[in-house]
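Undergrad: My questions will all concern the structure given below.
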Amino acid sequence: FTLEYGSRYDTSSSVANNTRENNYFDTMRFFPTSALTRASPLARNNRISASQLSTTNVTLKLRSRISGADGFFSPENVYAGPSTRRCLLCVGHFNKVPQQCFNGLFMPSAPGAIHFEDNNNIGVLEIPAVTVRYSSSLSGNSNQKIISLAESGELSQAEAILDSLEASASSENNKDLLPDIDSYTALMNSYLKRQINILTENQWSDGENEASVDRKTSSILTLAGKVHDLLIQMEDLSGVSDHYPPMSASGIIRSGPRHAGLRPTSHHYDTAIMAFANASKGITSTRTINAPYIAQRWLQRMETLAFDPHSGVTPTVDSYYHVMEAFAASGSSHKLCQASFLTQSIFDKLKHNTNLHPTAREYRLLMRTWCSSSSKDAAYKATGIWMAMKNSFESGVEEMEPTLDDGKMILEAWANAVNKQSARRSQNVLSAMQKLFTSKKSDVKPDLDCYRYVLIAMSQSKIPDVGDNIPSLFKSMDDDQIFPDTKSFDAALKTLKNCSIHPKATDPMHYSKMTESMLEQMEKMVDRSSVSIIKPSAVSYTHVIQALGVMNTKKAAVKADALLTKMEVEYAKGDELMKPTRDSYVGTIHAYANSDSPFSYRNANEVLQRMIIQYLGGNEISRPDVCSYHAVIKACAASANKNSPNGKEALLLAISTVKNMKKSDSFHPNSKSYLLLVQCCTKLLPVGGDREKALRSVFSSCCQGGLVDQKVLSAFQSAVTSETYYQEVVKNAPSYMGEKTLPESWTRNLGYRVRMQQSKGGMRSPVISVNGTVVASTAYNDYRMRRRWSKKNQKLLQGGRSS
């Protein structure tokens, strides 16, 4: 057949009437035997001659003059617009549907055949496939079109043109028909721009529905994948993949012409890295988990190409930064500690690069990643980075000056760290910040947040004398006219309280007095500042109550009770911050138990009753527990002695307290409850028949409850005569493995279950001898091993089953 371009078909008036000069399509004529069709491969001003066309066995690619979209002249590609008329589809929809395209309808048929139907004629057009061979001038125009479409956001159309040029070049094996490097660059830049727009729009709000988030995530990943594919295409077409391992997942290198002018530059690799860094941002999921690793692979490719002086590719600081950013942003899909270690590894590679040096931006990103990490060494690592920045700044690198936010970030990390050195480390960082400011090397001055984080770190410390630095910190704040807030005071109170109750405290009374003085200072500063909010709360008062408990005086107990009463009154008035807690009541009970008052057990019991009333009134956090009742029993044992007339009264109160525990629906007496009762009998009753009788009654009750453990047995044996002990324990004791042991029913409720239901001798573990030692058994050894396995951080298990 004959193909001509630029002329009009004027045989059929029904068709010719629709081919006006302002028609949306240029025309092309085919002259087979009889039938007719026409379409437009190029815009009107891109005229081609017959010498630029050839007939081969490939599909003719067409382009709409309206949208520039490419299409295929084949039976499988038919466009059905909203109009009743239809025309051949060029891939992608037109910006404006032509109202007058064809006066007929193209319908799919068998390969190689197109059915043409109009108002007058019906026929079948049999034609071979036709391809348009573009000249270099036409390719240049197409490249300009790709750039224009990419910059205007018409990415699908730009893709279609680029694909058509690649297909033409591949079919003709002509590298001159390939798109130029600017086309690839423009398209990759547009993909990246589209990603950024998706990330910034609506700020990925937390309230966004799952479908919307999934759609956005899919779009961002798709765009990153397109950048990835374009870069692989450039490597294949330029011959890079012929010398280096291919980056495609299949490992297959595409065939076709090679064009050295399409060799990717550093910009193209950086674009791919940034695209996958963007894919790691926003809402992370299992779909984005591999994005940082793909970015890392492209960085490794850049590092490999950098060894070739002719490649022109070398990684930049930005290259490393964006890979670090990708790993840092993947914290919610990886384990947080893993993300920080991966980010650290990329930073170390940058630091060891002889041609590059990390900037403050990379230091801060790594520091921020460590501060958000769950690693136990996270605060230590972040502090090391901060110190490196400080040292560089002091040596003259102005860019490395640590900011106030940097210091806050480090101090907050120490405040959240589980480390026995947190208090000391945080104070060192604060001291370094103060020295930088006082030496006039930096304008960064520690603020209230810095001091608060240090105080919080100190409040979590278990060092017995950590509270000694509290006064100096508050003096430094006062000198700088920084007013502490409620959290700062609460942290200081907790620190001093911990020092006062620490078992290794050298002077607990001193810390208790400091706690009381700190509360007085807090109350005086309530109205002093309009900048920070200072208001004592239930937390503040509870810390002081617990500290007063170690003073062992009636005066201290009365003060603790007064603070508790104040909390109850303020809470009754509607102040939720003053709601008494379980610790508030237990601390007051302990204060009475440790006082030297002979009737303090009455006060302790009165506090317990107030606690019960408070809980029944709706205060859930004041719910009594076993420890609350034990505190009253301890008060009974501590507030009287065997020579005082109120000893029996105290003992009766202790016994009734245990009975009340039995009536509770939430908890019941345990072994310690009976141990405390035995101690009460021993201390409150003189040696004699009454004491023996009371001890036998308590021990019998403990046996019935199945709560006899080694401590209870030992305390009972020490309190009674040998004859009483023989009659109550030894006389009817069963034998197990040659030893007299306690009956199984006496130990059945000791709070754990053995793996084996019954041992060989018919006895269940634990098996306690009448002397208070545990007789080894298979079941009991199983229990011991399970206890070892349950311990945290125990890497080496010692012991095992006995033979």
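The values are calculated or read from the model by the stated rules, or taken from the named source; none is laboratory data. All values derive from a computational prediction rather than experimental measurement. Cβ coordinates were reconstructed from backbone atoms using ideal geometry, including for glycine residues, and neighbour counts include every protein chain displayed. Surface areas here come from the heavy atoms of the whole protein model, side chains and all, with no ligands, DNA or RNA. Shrake-Rupley method; radii C 1.70, N 1.55, O 1.52, S 1.80 Å.
Undergrad: How much solvent-accessible surface does Thr316 expose, in Å² to the nearest 10, with a 1.4 Å probe and all protein chains in place?
TA: 50
Undergrad: Which of the lysines could a cross-linker bridge to Lys175, judged by Cα under 26 Å and excluding same-chain residues fewer than eight apart?
TA: By straight Cα distance, Lys175 reaches Lys61, Lys145, Lys226.
Undergrad: Still on this model: Cα to Cα, under 20 Å, and not fewer than 8 places away if on the same chain: which aspartates and glutamates meet these conditions relative to Lys731?
TA: Result set, ordered by chain and number: Glu692, Asp709, Glu723, Glu739, Glu744.
Undergrad: OK, next. Can you give me the % of accessible surface on the stretch 164-308 that is carbon or sulfur? Probe 1.4 Å, all protein chains present, nothing else counted.
TA: 51
Undergrad: Ignoring ligands, DNA and RNA, how do Trp414, Trp746 rank by accessible area with a 1.4 Å probe, largest first?
TA: Listed by decreasing accessible area, they come as Trp746, Trp414.
Undergrad: To the nearest 20 debye, what charge dipole does the stretch 433-547 have about its Cα centre, counting +1 at the Cβ of each Lys and Arg and -1 at the Cβ of each Asp and Glu?
TA: 280
Undergrad: Let me ask you something else. Can you tell me the length gained on complete extension of the stretch Asn355 to Lys376, counting 0.36 nm per residue apart and subtracting the Cα distance?
TA: Stretched fully, the Asn355-Lys376 segment lengthens by 4.2 nm.
Undergrad: Where the Cα atoms of the stretch 584-727 are projected onto their three principal axes, how long is each span, largest first, in whole Å?
TA: 51, 33, 19
Undergrad: Right, next: For the stretch 257-323, what class follows from the C-alpha gyration tensor (a ≥ b ≥ c being the square roots of its eigenvalues): rounded when a/c is under 1.5, otherwise prolate if a/b is larger than b/c, else oblate?
TA: In terms of gyration-tensor shape, prolate.
Undergrad: I would also like to ask the following. Which order do the peptides 536-547, 480-491 come out in when sorted by mean C-beta neighbours inside 10 angstrom, highest first?
TA: Going from most to least packed, we get 536-547, 480-491.
Undergrad: Same structure, new question: When the Cα atoms of the stretch 210-345 are enclosed in a convex hull and the volume is divided per residue, what value in Å³ results?
TA: Considering the Cα atoms of the stretch 210-345, their hull volume per residue is 107 Å³.
Undergrad: Under the Kirkwood approximation for Rh and a Cα-based Rg, what ratio Rg/Rh is obtained for the stretch 208-285?
TA: That ratio is 1.09, to two decimals.
Undergrad: How would you order 244-251, 223-230, 630-637 from highest to lowest mean count of nearby Cβ atoms within 10 Å?
TA: The packing order, highest mean first, is 630-637, 223-230, 244-251.
Undergrad: Using the Cβ atoms and a cut-off under 15 Å, what net charge is assigned to the surroundings of Ser500, where Lys and Arg are +1 and Asp and Glu are -1?
TA: Net local charge, Ser500 excluded: +1.
Undergrad: Let me ask something additional. At 1.4 Å probe radius, can you tell me the per residue accessible area of the stretch 556-670 in Å²?
TA: The answer is 46 Å² per residue.
Undergrad: Binning at 10 angstrom from zero up to the longest distance, how are the C-alpha pair distances of the stretch 441-531 distributed in percent?
TA: Taking every Cα pair in the stretch 441-531, the percentages come to 17, 49, 26, 7, 1.
Undergrad: Let me ask something else about it. How about the stretch 687-716: which trypsin sites (Lys or Arg not before Pro) there lie in a loop by DSSP and see at most 14 other Cβ atoms within 10 Å?
TA: Sparse-neighbourhood loop trypsin sites (Lys or Arg not before Pro): none present.
Undergrad: Mind grabbing the base-10 log of I(q)/I(0) for the stretch 577-644 at q = 0.13, 0.22 Å⁻¹? Debye formula, identical points on the C-alpha positions, no solvent, two decimal places.
TA: -0.34, -0.81
Undergrad: Let me ask another. What percent of all Cα-Cα pairs in the stretch 497-556 falls into each 10 Å bin, going from 0 up to the bin containing the maximum distance?
TA: Calculated P(r), rounded to whole percents: 24, 45, 23, 8, 0.
Undergrad: For the stretch 415-474, take N as its residue count and report Rg(C-alpha) divided by 2.2 N^0.38 Å.
TA: 1.14
Undergrad: Quick check for me: using +1 on Lys/Arg Cβ and -1 on Asp/Glu Cβ, what's the dipole size of the stretch 214-332 about its Cα centre, in debye to the nearest 20?
TA: My answer is approximately 360 debye.
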